[in-house]
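Data block below; observations after.
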Amino acid sequence: MTESTEQNCFHCGLPVPPNIHLPIVYEGVEQPTCCAGCQAVAQGILDANLGSYYKNRTAKAEQAVLPPDEILAQLKLYDLPEVQAEFVETLPENTKEATLMLSGITCAACTWLIEQQLLRQAGIINVELNYSTQRVRVRWDDSRIQLSQILALIQKTGYSAAPYDAQKMEEQAQKERKKMLIRIAVAALASMHTMMFALPTYLYQDIEPKYLTILHWAAFFMVLPAMFYSAQPFYQGALRDLRNRRTGMDTPVAIAITLTFIAGLSALLTNAGQGMYFESIAMFVFFLLTGRFMEQNARRKAGDAAERLVKLVPAFCHQLKNYPDETSEEAAVVSLKVGDVIVVRAGEIVPIDGIVLSGESEINESMLTGESLPVAKVSGSHVTAGTLNNSSSLIIRAEQVGNQTRLAHIVKLLDRALSQKPRLAELAEKYASSFTLSLILLAIPTFLVWWYLADASKALWVTVSLLVITCPCALSLATPAALAASTGKLANKGILVARGYALETLAQITDAVFDKTGTLTEGKLSVAQWQNLSGSLNDETLIAIAQTLEQQSEHPIAQAILALPNTFRLPENSQIEQKLNKVGHGISARITLNQDSLVWSIGKPDYVSQIAGNIPDIIHQLSQQGSVIALGNQQGFQAAFLLQDNTKTDASEMLQKLTQQNIQLHILSGDNQAAVSQLASTLNIKNYRAQATPEDKLHYVQNLQQQGKRVLMLGDGINDAPVLAIADVSVAVAGSADVARDGADVVLLHDDFSALPTMLNQATRTKTIIRQNLAWATLYNLLVVPLALFGLVTPWIAALGMSFSSLLVVWNALRLRK
């Protein structure tokens with residue numbers, strides 16, 4: 001290959017020193033690199049069959065520096081369990097997951113390259129990389145690959161990665177905002193100065209040629225900063241679209257700016273007279289940048305729920321290293337471990353999930369649950385990371401820290417929801433891309449018609465106006481802006497939309513299916529009524545015997561019996577022997593009372609009948625009303641307790657609101673027929689299924705879906721996980737089992753059932769706003785295309801119109817936050 005006088009590095013674009021010869025071969029052609037680092041990285045990319053990276057990238061990579069041995073040794077430290085405890089989540093079967101922030105990324109192709117390099121590495125299970133946030137979530141098999149190897153692989157590819165740090169990400173975002181403001185300021189100054197030189201040419205038609213030339217050249221020099229600095233984002237976006245063989249929002253803008261500048265420069269060099277267009281370039285770059293900046297701020301405001309939650313946890317805390325000695329030391333929250341003891345003073349944020357050891361206070365949990373009233377906390381109460389201690393100091397022992405806290409789990413689910421694209425958003429983007437291509441093609445005959453058949457002097461600015469004013473930015477923003485605003489709003493109310501498509505589907509729900517225990521009911525059994533069947537023992541004695549049998553049991557039925565009011569206790573000389581707990585049936589024991597020694601049993605009537613004989617009719621009658629627990633001995637049945645699971649106080653009101661929204665209600669429960677029937681009757685629900693196994697629940701929902709129904713399912717237990725997965729939208733209630741919560745589309749963070757109608761109303765509002773946005777975006781383009789074609793719009797007005805249309809869509813979406 002013949003070397004030119006000056007060569008640029010094939011990988012990073014920097015000049016190659018004259019005495020350096022480190023070539024690589026790309027598509028059969030030898031290409032130069034500037035250093036051993038770039039050569040190694042480029043060769044590694046080509047060896048992995050990822051050479052298309054060099055075709056798709058829209059900017060040169062940063063200069064690659066091979067990590068020295070001491071850096072690789074430092075990366076090994078990330079394999080230590082105590083270091084990983086700060087940011088790595090340990091999953092079953094040797095699987096681990098971590099969120100990393102990336103640096104060195106210059107374009108979308110960089111993210112593609114990193115993703116492909118990681119996915120081709122044995123042991124890496126999943127990679128989710130977001131270009132806009134420059135964050136990557138990696139899941140790997142720790143028995144096959146170590147975290148240090150993943151970090152080294154990223155470094156050897158020419159980038160760097162580190163554990164995600166919200167503060168650093170915020171600093172990076174602030175830096176980008178400042179850069180955008182500088183571009184806007186430069187464009188504004190250029191607009192003022194170019195207009196200053198252009199204004200005389202508008203006011204006076206008899207300016208002497210020499211002065212006219214001075215004005216034009218002055219305007220030319222004034223527009224250069226706007227042209228080559230402020231407008232860079234549009235060029236970069238257009239180049240990226242070109243590399244990816246697609247037409248995006250920046251393509252027509254970049255074409256319009258370039259054409260206008262070329263036409264103005266040509267007129268300047270040929271002394272064509274008035275109409276240099278330089279003031280139009282500066283003004284519509286200014287308007288476009290201002291609109292984009294305002295749009296980005298509005299979108300960030302609409303979708304900042306996850307970042308707000310991340311920032312709730314403080315960086316430092318007061319640790320009690322020698323508890324019960326209450327002398328505290330400042331400690332980093334990331335260094336806390338399970339079992340550590342801290343003190344949280346009034347006005348401070350709780351940094352961990354834990355249990356209160358001492359102290360009394362009130363905690364504001366509104367940041368997580370949306371509940372405005374503070375919650376009282378005493379010794380033994382559980383507290384959650386991210387909540388605010390209002391009143392006095394609490395000493396807390398850590399039970400979950402770092403990425404194992406409830407707050408971290410919420411952030412993870414919300415982050416996943418915001419990274420997903422709903423169907424409507426994908427369709428809008430696809431249509432917008434096709435529309436942009438059609439627009440560019442339409443610009444060609446428009447220019448020719450004006451040049452040859454109409455007014456040639458207006459041909460250029462008419463074409464430019466057409467390209468700018470019809471850019472379908474509003475169309476692409478219509479859906480994602482509304483969904484981001486609604487997701488953030490619901491998160492503030494304690495409703496976590498864990499999957500992006502859920503809001504879209506919620507607006508189409510026709511049927512709502514509820515689990516019974518723990519969902520419609522409190523999941524806490526109580527004795528609704530009981531019958532004394534003994535002819536010789538009084539009520540107090542029977543309750544005392546029942547409570548004696550149930551002592552030390554944590555079973556919900558036992559807790560219901562123990563909760564019965566009774567001040568009578570069996571005499572101290574009473575003897576309890578041969579106690580037997582038959583799981584799922586009941587408890588028996590020999591009790592000696594007043595010299596009478598009898599075997600007593602408490603439990604299901606069938607179990608008690610084994611020593612008490614035939615089941616009396618009264619128990620059969622009570623069984624029609626719900627679950628019955630019997631007490632008996634060899635002399636027969638002595639008592640019967642009718643149990644009930646109290647309906648949640650706000651369930652009836654919630655169901656009425658759903659009925660008003662024309663949603664059909666169903667109950668699916670594994671409980672007995674009598675209990676489910678009674679609950680359905682109380683809540684006026686006609687459709688119910690009792691004694692349903694997980695398979696039965698699954699088939700029930702599938703049958704509804706086969707009838708064309710869109711099904712919403714609410715559940716809380718492990719047995720609900722399969723049916724939650726198959727439902728069109730699944731909702732896990734507060735306190736759900738982990739497997740139910742992780743598989744749900746929506747998670748309720750508190751026990752307020754009014755959240756459900758609120759969520760459905762918000763989904764309907766979101767659907768309305770999306771339709772309004774799409775209607776406006778479509779109507780706008782239909783209106784402005786004829787105006788631009790007939791030359792009724794100047795370039796700077798076109799820029800103003802395009803920015804206004806985009807802002808209107810975003811501002812309309814922000815109404816969903818109110």
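Values for this structure:
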read-out: ³J(HN,Hα) computed for each position of the range 673-681 - Karplus, 6.51 cos²θ - 1.76 cosθ + 1.60, integer Hz, glycine/proline x; value: 4, 5, 5, 5, 4, 5, 5, 4, 5
read-out: FRET E, pair Lys179, Leu224, Förster distance 25 Å, beta-carbon r, rounded to 0.05; value: 0.85
read-out: Share of carbon and sulfur in the accessible heavy-atom surface of the range 634-714 [1.4 Å probe, %]; value: 38 percent
read-out: Burial ranking of peptide ranges 787-793, 544-550 (average Cβ count within 10 Å, highest at the top); value: 544-550, 787-793
read-out: Distant-in-sequence amide H partners of Tyr26 (H built 1.01 Å from N, under 5 Å); value: Gln31
read-out: Under-5 Å amide H pairs with Ala692, H placed in peptide plane, nonlocal only; value: Ser669, Gly670, Asp671
read-out: Residue-by-residue Karplus 3J(HN,Hα) for the range 755-768, coefficients 6.51, -1.76, 1.60, Hz, glycine and proline x; value: 5, 5, x, 4, 5, 5, 5, 5, 5, 5, 4, 4, 4, 5
read-out: Sorted peptide list for 637-644, 574-581, criterion being average Cβ within 10 angstrom, highest first; value: 637-644, 574-581
read-out: Set Lys377/Lys493; Lys377/Lys579; Lys604/Lys657; Lys489/Lys697 screened for pairs whose C-alpha atoms are more than 30 Å apart; value: Lys377/Lys579; Lys604/Lys657; Lys489/Lys697
read-out: Amide H partners (placed H, <5 Å) of Glu348, local residues excluded; value: Asn389
read-out: Å² per residue, accessible surface of the range 636-735 at 1.4 Å; value: 44 Å²
read-out: Per-peptide average of other Cβ atoms within 10 Å, ordering 679-685, 144-150 highest first; value: 144-150, 679-685
read-out: In order through the range 781-793: 3J(HN,Hα) via Karplus (6.51 cos²θ - 1.76 cosθ + 1.60), integer Hz, x for Gly, Pro; value: 5, 5, 7, 7, 4, x, 4, 5, 4, 8, x, 8, 10
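The values are calculated or read from the model by the stated rules, or taken from the named source; none is laboratory data. All values derive from a computational prediction rather than experimental measurement. Don't worry about glycine lacking a Cβ; one is built from the backbone with ideal geometry, like all the others, and counts go over all protein chains shown. Quick note on the areas: whole protein, heavy atoms, side chains included, nothing else; ligands and nucleic acids left out. Shrake-Rupley method; radii C 1.70, N 1.55, O 1.52, S 1.80 Å.
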